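Single-structure report; data block below.
Values in this text are rule-based calculations from the coordinates and carry no lab data. This is a predicted model, so every value here is computed, not measured. We place every Cβ from the backbone using ideal geometry, glycine too, and count neighbours over all the protein chains shown.
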């Protein structure tokens, strides 16, 4: 990353004003979100390397919604803050947060490059993490950050899904956010998802088994 390039992060805060007065503004390119829907939307849509969470705002959020916040924040560079007397107080170490964001930015260089595959997957709705009522889908392309799935199931009323890769060693469902849905020519639903909660060994195995070999074949 160039020395003069600001790091892109997303902030879940009540107001951007205290943050604009802090040293954060010179270090980061910050997208401020004051509502949960906007925050979730930006996390799913934007390329970012870290998150700011105002812990006072998070704790005022209803419990069911806090679970979503904690899920999307898992395994991401994160700094917790609070506002006192109109000044930002950093609960976590700012220097460490910045370095983690820089490291994440380097990892993201090829993270969105997609490769074509055709593998079966099991899917369930957000309120079925045990996948008791799962249904079938086919992954048609995949990257390290998400995938495109076709399915005959009606998922237009869903915002999040649980995905089970049956051929991964760790079969724990992966929590994913829906970025977009469209109907395909063969009367199936096509859904683009972003991985939110994925175990490190699952991430590594997806890379080794599907992504890296196909990237190499595309480059040859």
Cα long-axis angle, helix 94-107 against the chain (0 to 90 degrees, to the nearest 10) | 30 degrees
Rg from C-alpha atoms of segment 7-110, normalised by the globular rule of thumb 2.2 N^0.38 Å, equals 1.00
Simple spin-label model, 7 Å along Cα-to-Cβ: residue 8 to residue 145 in nm?
-> 0.7 nm
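When a/c reaches 1.5 or more, the comparison of a/b and b/c decides; with that in mind, is segment 115-219 rounded, prolate or oblate per its Cα gyration tensor?
On the way: a/c = 1.89, a/b = 1.24, b/c = 1.53.
Oblate.
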Could you run the Debye sum over the Cα atoms of segment 2-52, one equal point scatterer each and no solvent, and tell me log10 of I(q)/I(0) at q = 0.13, 0.27 Å⁻¹, two decimals?
-> -0.29, -1.06
In nanometres, what is the gap between the two model label sites at residue 180 and residue 75, each 7 Å from Cα along Cα-to-Cβ?
-> 2.4 nm
Return one number: the angle in degrees, 0 to 90 and rounded to the nearest 10, between the long axis of the Cα atoms of helix 36-45 and the longest principal axis of the Cα atoms of the chain.
-> 60 degrees
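So for the chain: antiparallel DSSP bridges make up what percent, rounded to the nearest 5?
On the way: 37 of 52 bridges.
Percent antiparallel among DSSP bridges in the chain is about 70.
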Kindly express, to the nearest 10 degrees and within the range 0 to 90, the angle between helix 63-73's C-alpha long axis and the longest C-alpha principal axis of the chain.
-> 80 degrees
Would you mind listing how long the chain runs along its three principal axes, going by Cα atoms, in whole Å with the largest first?
-> 56, 44, 32
Grab the Cα-Cα distance for residue 20 and residue 169, subtract it from 0.36 nm times how many residues apart they are, and report the gain in nm with one decimal.
-> 49.1 nm
Computed [θ] at 222 nm, deg cm²/dmol, the chain (DSSP H ≥ 4; -39,500 (n - 2.57); rounded to nearest 500) | -8000 deg cm²/dmol
Can you give me the pair-distance distribution of segment 41-83, C-alpha pairs, 5 Å bins, whole percents?
-> 5, 20, 30, 29, 14, 2
